[in-house]
1. How many residues are more than 20 Å from the chain's Cα centre (by Cα), within 13 Å of another protein chain (Cβ to nearest Cβ) and of a type in the set (Gly, Ala, Ser) when one looks only at region B:133-170?
2. Quick check on region B:227-250. Is at least one of its residues part of a helix (DSSP H, G or I) and either closer than 30 Å to A:Val225 by Cα or not assigned by TED's automatic domain parsing to the domain that holds B:Asp166 (or both)?
3. Does A:Gln257 satisfy the criteria of being touching a residue at least 60 places away in the same chain (Cβ under 8 Å), on the phi < 0 side of the Ramachandran plot and in a helix (DSSP H, G or I)?
4. Take region B:48-60 and flag every residue that is out of contact with any helix residue (DSSP H, G or I) (no Cβ under 6 Å at 6 or more places or on another chain), assigned to a helix (DSSP H, G or I) and within 9 Å of DNA strand D (Cβ to nearest atom).
5. In region A:102-128, which residues are in contact with a helix residue (DSSP H, G or I) (Cβ under 6 Å, 6 or more places away or on another chain) and in contact (Cβ under 8 Å) with a residue 12 or more places away in the chain?
6. Restricted to region A:19-47, and to residues that are away from DNA strand D (no atom under 12 Å from the Cβ), under 21 Å from B:Leu38 (Cα atoms) and of a type in the set (A, V, I, L, M), which residue is surrounded by the most Cβ atoms within 10 Å (Cβ to Cβ)?
7. For the list (1) more than 28 Å from the chain's Cα centre (by Cα); (2) part of a helix (DSSP H, G or I); (3) under 22 Å from B:Tyr161 (Cβ atoms), I need the number of the one condition that A:His174 fails.
8. If you scan region A:5-43, which residues turn out to be closer than 16 Å to A:Arg77 by Cβ and either within 16 Å of DNA strand C (Cβ to nearest atom) or within 14 Å of another protein chain (Cβ to nearest Cβ) (or both)?
Number of protein chains: 2
Amino acid sequence: MGLYSDLREKLISDYGKLSPQMQKAARYILDHPNEVALRSMRALAAAADVPPSTITRLMGAIGVGTWQEFRDHYQNRLLDQPASYAQRARETQSTEHDANRDEHLLESIARTEIDNIGAAFNPDLMAGMIRACAAIENARHVYIVGRGAAYPAAYQFAYAYRLFRDNGVLVDGHAGAFGDELRGIGRRDLMIAVAAKPYIRDTVRAVDFARSQHCPVIAISDSDVSPIALDAMTKLVVRDTSQSFFQSFTAALSVMQALVALLVARGGQKALQRISAAEEQLAAFDTYFED
Amino acid sequence: MGLYSDLREKLISDYGKLSPQMQKAARYILDHPNEVALRSMRALAAAADVPPSTITRLMGAIGVGTWQEFRDHYQNRLLDQPASYAQRARETQSTEHDANRDEHLLESIARTEIDNIGAAFNPDLMAGMIRACAAIENARHVYIVGRGAAYPAAYQFAYAYRLFRDNGVLVDGHAGAFGDELRGIGRRDLMIAVAAKPYIRDTVRAVDFARSQHCPVIAISDSDVSPIALDAMTKLVVRDTSQSFFQSFTAALSVMQALVALLVARGGQKALQRISAAEEQLAAFDTYFED
DNA sequence: ACTTGTTTGAAACATGTGTTTCAATGACCG
DNA sequence: CGGTCATTGAAACACATGTTTCAAACAAGT
């Protein structure tokens, strides 16, 4: 917003000082900002009924070096943030030097993570989460699959879920072969699978097996066409952009937690009672530390 | 929305029938719709790592005559987006009350999560993370402890860490009694502990044991005075505010991921080499699914 | 009317863009 | 093994794009 506003303000304030033809161009740009982002300079010039050179001259007059630069600002306004953030991240990285390289990396990570979360809770995905909840509530068993880097998200859900429902099964193969837990899976059950590139074979196999047994699948993944999402009943596609070599599972974890929150909210009093029963049982096992 | 959705659906449904290179292109387009609207075909092809001709061929394969036509749909989507948001808001208000309540909860969760992340990357904590990295780099062994709801964050770190360092030990007690892995821990080692209220006794005991053996501790926790943070060498206090009954571990996970990114960045070429060696080893074990 | 300076649009330019062509490769099948 | 056919990437292509150049048109002051 800031970048775009700056240029717009400049265009308005300098308007009086511009030559007639430039005013014509400036006026068209002010009235049709989207065209700047999407159409070519020549097309814009034609639409504004000025020769292309006028636009180039206008760029110089308002202190912008090049049309590309000008257009980038208008494009960023149309994007949800990710590009602008990424670009800003790149800018800061190129300008500053090793001195506080670590700080810059961390700041850039923070921005990316926030973007990822923000993108995860878009209307589409929220609708998908609500649909997923309905499916979970009606399932006989809920199998949760996630391997490798996706395991934390799967575990997180399974751990919380089992505090208020006893039909959750974490498929992790700690005791024996992976997939053992899936015996008997069927159309009345549900599988929740988490995976991002590179997809781990076990996870894909588990999903394929579930589908072969007509068990519907909810896929939390990084793409609509990831091997686990392709034929899923419900896809929850989350962004996993990361500054580092590893993809980020923050958004995936967040979505898992939100699913739990949603289930509890919809479960009402009964869910809360089960949770306190579970807590009591854990306390009886002396699980918690009291000070 | 209609036009864009049609093309998107077509891309997804035909995905399986496409050649490998076209799948690569299709996937990139599905994952980065904005780029289609704003960048050139050649730029997109480069980003997707396919030759330009593959994009042209893909257009033919999904029954679109020309790239221009395809891009127009994506451009229109960008322009229509604000309208569709408003429309959706009106829809939800007029339809069911239940769904509306769910969406409000999710929006509220999203805001809270973003706040938690934002708070986690404050200057203080970033400084702490940098100090933590220095300690990790000099440790003989790095023990990672986290139980219950904190386990995902601990696991996440351990999993990524072990891809480029071989001195990481996840203390999880899957094979035998919890804490077995800590035998021999000493002043030259380091323990990373994750815990939030209610503190699980195992975690507290592990931290106490580490301290009794003069092993420094990095505590990722919810309070400066939590039992694991009280005498820690470095405290990374993250917010875990949540709309639901359970606290949120999103910020903790994010911090763990950031630590890894930082370690890799500081590790330079050597760290990257180890990562690719680890990836090769995993590939040799046929861990990953290739399409 | 003549200079001086600005403004304007056509044309030239180098580069970028989308598409087509074509030879090389590889997979499949008799 | 050889033959067929789909798949692939480099190069060539025709055209579009943003910028620069240049001469014509114009305005204003003497």
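The values are calculated or read from the model by the stated rules, or taken from the named source; none is laboratory data. Not measured: the values here are computed from a predicted model. All Cβ positions, glycine included, derive from the backbone under ideal geometry; neighbour counts span all protein chains shown. Keep in mind that these areas ignore ligands, DNA and RNA; they rest on the heavy atoms of the full protein, side chains included. Shrake-Rupley method; radii C 1.70, N 1.55, O 1.52, S 1.80 Å.
1. Qualifying residue count, region B:133-170: 1.
2. Yes; the residues of region B:227-250 include at least one that is part of a helix (DSSP H, G or I) and either closer than 30 Å to A:Val225 by Cα or not assigned by TED's automatic domain parsing to the domain that holds B:Asp166 (or both).
3. Yes.
4. Of all residues in region B:48-60, those out of contact with any helix residue (DSSP H, G or I) (no Cβ under 6 Å at 6 or more places or on another chain) come to B:49, B:51, B:53, B:56-57, B:60.
Restricting the remaining residues to those that are assigned to a helix (DSSP H, G or I) gives B:53, B:56-57, B:60.
Scanning region B:48-60 gives B:Ser53, B:Thr56, B:Arg57.
5. A:His104, A:Leu105, A:Ser108, A:Ile109, A:Arg111, A:Glu113, A:Asp115, A:Asn116, A:Ile117, A:Ala120, A:Phe121
6. Per the criteria, the residue is A:Ile29.
7. Condition not satisfied by A:His174: (2).
8. The answer is A:Leu11, A:Ile29, A:His32, A:Pro33, A:Asn34, A:Glu35, A:Val36, A:Ala37, A:Leu38, A:Arg39.
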